[in-house]
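A short worksheet on the structure shown next.
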Amino acid sequence: MVQASIQQVSLEAFLTIPETEPASEYVDGQIHQKPMPQGKHSKLQTSLVSQINQWGAAEQFAYGFTELRCTVGGRSVVPDIAVFEWSNLPLDSSGEILGRVEQEPDWSIGILSPEQALTRPMDNLLFLLQQGMSLALTRELFLHFQPTLPP
């Protein structure tokens, strides 16, 4: 049996690598490529972020992004949908969204394909909750934590 060697890479080195399609994530020194979204996944993702932004932007409460890379706490992950409360939007000095987001979203929504294991997305959601995110959703579960309490 031949085993492939897993090469450790630094976060700084990972962030210099060109983006992949689908996105790759950096977790514990390793690079993991997300599965390619299929039709139902893409439709649900587009619909959800559209609804979030229709309501959230009008009320200046929150704004959602699809596939936005968030680098925080030594990881670089790409939630299916990352939502930032209006006061936490990652903006530059001119009020534009930053190109490189170095904070956790306030909410994260993971859309799992029927054949996709829950392990890696759940690990990312729990990690983001530990970093201060307050809401995590997947098709299977809903997690809401107060930032001052551990998940």
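The numbers here are math on the coordinates, done by the rules we state, and not lab data. Note that the coordinates shown come from a computational prediction; the quantities given were computed from them, not determined experimentally. Here the Cβ positions follow ideal geometry from the backbone for every residue, glycine too, while neighbour counts run over all protein chains shown.
Things worth noting here:
- Taken along its principal axes, the alpha carbon cloud of region 12-91 reaches lengths of 39, 32, 18 Å, longest axis first.
- Cα-based shape type of region 46-119, given that a ≥ b ≥ c are square roots of the gyration tensor eigenvalues and the cut on a/c is 1.5: oblate
- Net charge of the neighbourhood of T46, taken over other residues with C-beta under 12 Å away and scored Lys/Arg +1, Asp/Glu -1, is 0.
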